[in-house]
Amino acid sequence: MALTSFGCGVFPQEDTSWQGAVNRQASQLGYRNWIIIAEASFPAHNRPGFRQVNASAEVPEALDYVLNTLEKTEHVRPRVYLPRELRSVENDFAPGIDELRKRIHASLHGHEANELDQQSLLTLLEDASRNFDVLVVRTPTALPYSSVFLELQPGYWDAESETRLRERIQDERMRKLSRPFP
């Protein structure tokens, strides 16, 4: 962070880069929020809840940056989705797509990517945006179906822990119900 001097005081200058915007906005996101690392033709949204950052980096580099940022937090972890169509796009029709797929895979930091049809991902996103924030990091990548979708999950609580908690609550209810009345 740069410092700016005004008269007798020195004040931190706000980072106005796309990385600074991602840092500020990602720190405010939590469970059920989404981050999309979007290719250039990803639709712009004008509804409340959607925020957009224009990145000067391609999808793999922006994905790498966003995942690094999320890994520094303890409160969220990403569930990664890729459009199913990305697997089938041929290099003859979209030159560079084979190399981009490799670079995206390398940028996943070992996260397993789930695949869904692009339309299903957009439907999930529209549903989520009714109640939760969505951050779109728009890149200049001009290859079809190359957007990466991150659904944020609790970082300190996983599905197995939630299941065990629900089972325990249910067991306690059943024990209460089976006790004889005093």
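The values are calculated or read from the model by the stated rules, or taken from the named source; none is laboratory data. Note that the structure is a prediction, hence the values are computed from the model and not measured. As a convention, Cβ positions derive from the backbone with ideal geometry for all residues, glycine included, and neighbour counts pool all protein chains shown. SASA here: full protein model, heavy atoms, side chains in, ligands and nucleic acids out. Shrake-Rupley method; radii C 1.70, N 1.55, O 1.52, S 1.80 Å.
A compact table of results
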{"item": "Loop-exposed chymotrypsin sites (Phe, Trp or Tyr not before Pro) per DSSP, neighbour cap 13 Cβ within 10 angstrom, longest uninterrupted part of the chain", "result": "1-92"}
{"item": "Shape of the stretch 130-180, Cα gyration tensor, a/c cut at 1.5", "result": "prolate"}
{"item": "Spatial separation of Cα centroids for the stretch 54-77 and the stretch 88-141, in angstrom", "result": "13"}
{"item": "Choice from Asn33, Asn91, Asn54 showing the highest fluctuation, given a GNM over the chain with Cα pairs closer than 10 Å", "result": "Asn91"}
{"item": "Area accessible to solvent at Glu160, 1.4 Å probe radius, in Å²", "result": "120"}
{"item": "Residues of the stretch 37-139: accessible area per residue with a 1.4 Å probe, Å²", "result": "54"}
{"item": "Protein accessible area in the stretch 35-182, 1.4 Å probe - carbon and sulfur %", "result": "50"}
{"item": "Ranking by accessible area, most exposed first, for Glu151, Glu74, Glu90 with a 1.4 Å probe", "result": "Glu74, Glu90, Glu151"}
{"item": "Cα gyration tensor shape for the chain, rounded if a/c is under 1.5, else prolate or oblate", "result": "oblate"}
{"item": "Amide H within-cut-off set for Leu116, under 5 Å, with H built and near neighbours excluded", "result": "Leu82, Arg84"}
